[in-house]
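Below is one structure; the comments refer to it alone.
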Amino acid sequence: MGARPAASAELIRRAERFIREHRMLPAGGTVLVAVSGGPDSMVLLHLLRSIAPARRLSVRVAHLHHGLRGREADRDLAFVRDFCRANGIRFASARADAAARARARGLSIEEAAREMRYAFLRRAAARAGAAVVALGHTADDQVETFLLRLLRGAGWRGLAAMRPVRVEGGLRYVRPLLGTWRSEVLAHAAAHRIPYRIDRSNMDVSFLRNRIRRRLIPLLRRDYNPGIAEVLRRCAAVSADGSAFIEARAARILGRASRRAGAIVLRRDRFLAEPGVVRAALLVRALAELGAAGEPDAADVGAVEGLCRGRGGYRVRLLPGGAAAAREHAHLVLSRGRLAGSPAYEFPLEDGARLDRPPLRVRFRAAALPAGRVRRLRRRRTTLAETWGGGAGPRRPLVEHVSLDATGGRPLVVRSRRPGDRYRPLGAPGGRTLKKIMIDGKLPLPLRRLVPVIACGDRIVWFPGAPIADEFKVTPATRGVLRLAVERRGRM
């Protein structure tokens, strides 16, 4: 018994060092401790209360009743509540129905319980004004998580297991005991007479985690390596270091990518030049930035890689959460959904008219000029890809002059492309379809239904980025001239 207090003091010193190394607890704030009533969370609460005065921390407790274990769960709730009342700790609790959530969402009980637990902790932290939530996971939990994910075929991110610090939605989730073994936790509880509850469901080997804890790890320790737990803990730590490097690399690449509204544009050759794990990280981070629900799996990553390696023009691969990956010539475009099915539009061409169809935002200017004021037309050369394909577009508006004589007094309209549209561009030997002009101009397919066409009745007057129609050109005999300007606004 005499060695226990010394061992307990060592646990506190090591836990404090772990907290400092990972910058878990900024001084002077409020920390919300998730307390189930078991030994891990009760020792965590004791630890944080011990160091709170020196760090000027306000410690509060949150407990969720998952609605799974009947009276035993009721007794857990009462135990934590009474402990907090007796020790002057502010306490928050709630009741949930994890089984109903699992049925409604098609989840396992464990997944549903975890979702509801973290949602409760977010709410409780907001009410308490806490920026930090402390969780009681130990090194044993880390080893179990590593094996659980390994058996399920996890990749580089999954094998990193649990992180000491995770930031999500503005909250810092910290695990001060992640470097501490459960045997040390139990010794600390005994030395300080810390009460706790035993969750009998942890004995139920119908749950995979419990089978790993009670059968697989003892088997590995007995028949293969007595120190297997430490070996696996180090494997998780190495995986976490590798994961951090990969994430940082992916973040740098994504930071250099160009943006459209609702889309991220990467060069295909540069994407393929990265190692496979970095490509996977890029897709995960890109879809998260786009707000797509869910994460791409190995099959999705492989499909996007195949898309990039392929030849030809536009191709699309749907991804989780309503996202899509598109091959657009030299680029890989990641977006939320496909733009090719955008609805048609048409409106009168008036001075100051605007087209606001994300990712296109365009302003039109129109002014009638006396023929004598148009002495020499200078047409600035540009390509469809430069005009509409990405970035902020041309720095100066595209300007063209239209013969009002050729309109016969009919109004001009701005509209989207229609099937069969064709015209004869200025200087061309004959007519061409708009579709062919767009393909030759390497205009991405999702934009072909969006880019504006200026028309007069059934005749195309001008497709901005391409030459004006030959029949609407200004000649020395032209009496009425309309000066048109098309300006891209903002980035695509």
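Residues considered: K442, K473. Of these, the only one that is in contact (Cβ under 8 Å) with a residue 24 or more places away in the chain, among the charged types (D, E, K, R) and on the phi > 0 side of the Ramachandran plot is K442. From the list R279, R317, the one residue that fits, being assigned to a helix (DSSP H, G or I), over 13 Å from the mean Cα position of the chain (by Cα) and either modelled with pLDDT under 80 or of a type in the set (K, R) (or both), is R279. So G169 ticks every box in (1) over 29 Å from R49 (Cβ atoms); (2) within 23 Å of the chain's Cα centre (by Cα) but one. Which box is left unticked? Of the numbered conditions (1) over 29 Å from R49 (Cβ atoms); (2) within 23 Å of the chain's Cα centre (by Cα), the odd one out for G169 is (1).
Determine if segment 203-225 includes at least one residue that is in contact with an Asp or Glu (Cβ under 7 Å, 6 or more places away or on another chain), in a helix (DSSP H, G or I), assigned by TED's automatic domain parsing to the domain that holds L135 and of a type in the set (A, V, I, L, M, F, W, C). Within segment 203-225, one or more residues are in contact with an Asp or Glu (Cβ under 7 Å, 6 or more places away or on another chain), in a helix (DSSP H, G or I), assigned by TED's automatic domain parsing to the domain that holds L135 and of a type in the set (A, V, I, L, M, F, W, C). Scanning segment 212-228 for residues that are surrounded by fewer than 17 Cβ atoms within 10 Å (Cβ to Cβ) and charged (D, E, K, R) returns R214, R215, R221, R222, D223. Pairing each residue of segment 191-202 that is more than 18 Å from S50 (Cα to Cα) with any residue that is assigned to a loop (DSSP other than H, G, I, E, B) and among the basic types (K, R), provided the two are 6+ apart or on different chains, yields C-beta distances under 9 Å for D199/R69; R200/R69; S201/R69. Restricting segment 423-465 to residues that are of a type in the set (D, E, K, R) and assigned to a helix (DSSP H, G or I), which is surrounded by the most Cβ atoms within 10 Å (Cβ to Cβ)? Checked segment 423-465; the qualifying residue surrounded by the most Cβ atoms within 10 Å (Cβ to Cβ) is R448.
Candidates in segment 126-139 are the residues that are more than 23 Å from the chain's Cα centre (by Cα) and in a helix (DSSP H, G or I); of these, the one that is surrounded by the fewest Cβ atoms within 10 Å (Cβ to Cβ) is R127. With respect to (1) of a type in the set (S, T, Y); (2) within 30 Å of A86 (Cα to Cα); (3) touching a residue at least 12 places away in the same chain (Cβ under 8 Å), the lone exception for S183 is condition (3).
In segment 1-119, counting only strands (runs of 3 or more DSSP E) that sit wholly within it, the ones holding 3 or more residues that are of a type in the set (A, V, I, L, M) and either within 29 Å of the chain's Cα centre (by Cα) or outside the structural domain of V174 (by TED's automatic domain parsing) (or both) span 30-34. With respect to (1) surrounded by fewer than 18 Cβ atoms within 10 Å (Cβ to Cβ); (2) part of a loop (DSSP other than H, G, I, E, B); (3) touching a residue at least 40 places away in the same chain (Cβ under 8 Å), the lone exception for G153 is condition (3). The residues of segment 179-199 that are within 23 Å of A229 (Cα to Cα) and touching an Asp or Glu at 6+ places or on another chain (Cβ under 8 Å), listed by number, are W181, R182, V185, D199. A residue that is at pLDDT below 95, surrounded by 13 or more Cβ atoms within 10 Å (Cβ to Cβ), in contact with a strand residue (DSSP E or B) (Cβ under 7 Å, 6 or more places away or on another chain) and in a helix (DSSP H, G or I) cannot be found anywhere in segment 229-249. Of all residues in segment 443-465, those being aliphatic (A, V, I, L, M) and touching a strand residue (DSSP E or B) at 6+ places or on another chain (Cβ under 6 Å) number 6.
The set of residues from segment 365-390 being farther than 26 Å from T478 by Cβ and either modelled with pLDDT of 85 or more or of a type in the set (A, V, I, L, M) (or both) comprises L384, A385. State all residues of segment 466-477 that are of a type outside the set (G, A, S) and surrounded by fewer than 17 Cβ atoms within 10 Å (Cβ to Cβ); if no residue qualifies, say none. Passing the criteria: D470, E471, T475, P476. Inspection of segment 466-486 finds a residue satisfying the criterion of being of a type in the set (F, W, Y), within 19 Å of P348 (Cβ to Cβ) and outside any strand (DSSP E or B). Per the conditions (1) surrounded by 17 or more Cβ atoms within 10 Å (Cβ to Cβ); (2) part of a strand (DSSP E or B); (3) modelled with pLDDT under 85; (4) assigned by TED's automatic domain parsing to the domain that holds P452, the sole criterion not satisfied by V362 is (3). The single condition among (1) in a loop (DSSP other than H, G, I, E, B); (2) closer than 30 Å to D74 by Cβ; (3) more than 36 Å from the chain's Cα centre (by Cα) that M162 does not satisfy is (3).
The values are calculated or read from the model by the stated rules, or taken from the named source; none is laboratory data. A quick note: this is a predicted structure, and the numbers were derived from the prediction, not measured. Please note: Cβ atoms are built from the backbone with ideal geometry, for glycine as well, and neighbour counts cover all protein chains shown.
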